[in-house]
Amino acid sequence: MLKFTYTETSFHLDRLAQSLEELVAARVIVAMRVGQSLCVEPITASFLLPADLPGLHYLETEMQREGSDTISVCAADAEYVEVSLRGTWVAADGETAEGVFVTALCDRTEFFLLKCWQEAQTCASFVKEAGD
């Protein structure tokens, strides 16, 4: 399972062995125990990756092999592709931009998506350092 943690300024991606149902159940239990409301709803999330990432080809190949409609990749412009995922949004309420988005894909697709995201983060940090 992939877990995207959204904050005010960005998001972080983790790959978990835990199932989507286990994560949501644990969040519901914590919310009940502390008296906090919780929104859990199906949703689509999207983010951009540089179109020239070397690992992007492997992700696209694995997506075709999987044949799932949970993930799609399409050109956003000349420099970026948009990755769209269907999954579940877990947050304090349905209107907030801060929360957790979780989705489950086949293991290899999750692996390649995580690697592409990590590679994009590394490239972004190099560009930021070069600009300092």
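Please treat every number below as a calculation from the coordinates, not as lab data. Given the structure is predicted, the values throughout are model-derived calculations rather than measurements. Neighbour counts are summed over all protein chains in view; Cβ atoms, including those assigned to glycine, are modelled from backbone coordinates with ideal geometry.
Worth pointing out:
- Restricting segment 71-101 to residues that are touching a Gly at 6+ places or on another chain (Cβ under 7 Å) and within 20 Å of Leu48 (Cβ to Cβ), the residue that is surrounded by the most Cβ atoms within 10 Å (Cβ to Cβ): Phe101
Table: residues versus (1) in contact with a helix residue (DSSP H, G or I) (Cβ under 9 Å, 6 or more places away or on another chain); (2) of a type in the set (D, E, K, R); (3) loosely packed, with under 11 Cβ neighbours inside 10 Å; (4) farther than 20 Å from Thr122 by Cα.
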site	(1), (2), (3), (4)
Ser37	yes, no, yes, yes
Glu41	no, yes, yes, yes
Ala45	no, no, no, yes
Asp69	no, yes, yes, yes
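- Count of residues meeting criterion [without any contact (Cβ under 8 Å) to a residue 40 or more places away in the chain and hydrophobic (A, V, I, L, M, F, W, C)] in segment 92-124: 1
- Note on segment 1-35: residues that are of a type in the set (A, V, I, L, M, F, W, C) and surrounded by fewer than 14 Cβ atoms within 10 Å (Cβ to Cβ) amount to 8.
- Of the strands (runs of 3 or more DSSP E) lying entirely inside segment 1-91, those carrying at least 1 residues that are free of Cβ contacts under 8 Å to residues at least 12 places away in the same chain and either farther than 18 Å from Leu114 by Cα or within 12 Å of the chain's Cα centre (by Cα) (or both) are 11-15.
- Residue count for segment 102-117 under the criterion of being farther than 14 Å from Val83 by Cα and not aliphatic (A, V, I, L, M): the result is 4.
- Residue count, segment 64-102 (criterion: closer than 30 Å to Gly35 by Cα and in contact with a Cys (Cβ under 6 Å, 6 or more places away or on another chain)): 3
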